[in-house]
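Readers should treat all values here as calculations from the given coordinates under stated rules, not as data from a laboratory. Being a predicted model, the structure only gives us computed values, none of them experimental.
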Amino acid sequence: MTTHIDLTIIVAKTAILVLGGSITYYALRAFDRTGDRSLRALGIGFGVVTVGALVGGVSHQIIGADLAVGIAIDSLLTAAGFAVIVYSLYVE
């Protein structure tokens, strides 16, 4: 049975997937046009953040893992993605 909080999580994770996927796509497309390594790193960083949200949500909603496990997975991949995004700001 889906509760209100489960529905909220599903809606939020879907929005993150669509928006994060769009940012990743456009950043990597810009990299293809310009060859700028920072845009590639930016796209990869946002891709990792997006995948983290997806995997965290899937682990809870589909696999049935505890909510805390899903949050931990999401948080770890978000932190890694943000590290790549910060790196992208310093690449020349």
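What are the ³J(HN,Hα) values, in whole Hz, obtained from phi via the Karplus relation 6.51 cos²θ - 1.76 cosθ + 1.60 with θ = phi - 60°, for each residue of the stretch 66-79 in sequence order, with x given for Gly and Pro?
Along the stretch 66-79, the couplings run 4, 4, 4, 5, x, 5, 5, 4, 4, 5, 5, 6, 5, 4 Hz.
Compute the angle between helix 37-61 and the longest alpha-carbon principal axis of the chain, please, reported from 0 to 90 degrees and rounded to the nearest 10.
Roughly 10 degrees between the two axes.
Have a look at Thr78, Thr24, Thr34 and tell me which one the Gaussian network model of the chain (Cα, springs below 10 Å) gives the largest fluctuation.
The residue that fluctuates most here is Thr34.
Give the average over all directions of the projected area of the C-alpha convex hull of the stretch 1-43, one decimal, in nm².
On the way: hull surface 12.8 nm².
Result: a mean projected hull area of 3.2 nm².
What are the extents of the Cα atoms of the chain along their three principal axes, listed from largest to smallest and rounded to whole Å?
Over the chain, Cα extents along the principal axes are 49, 20, 17 Å.
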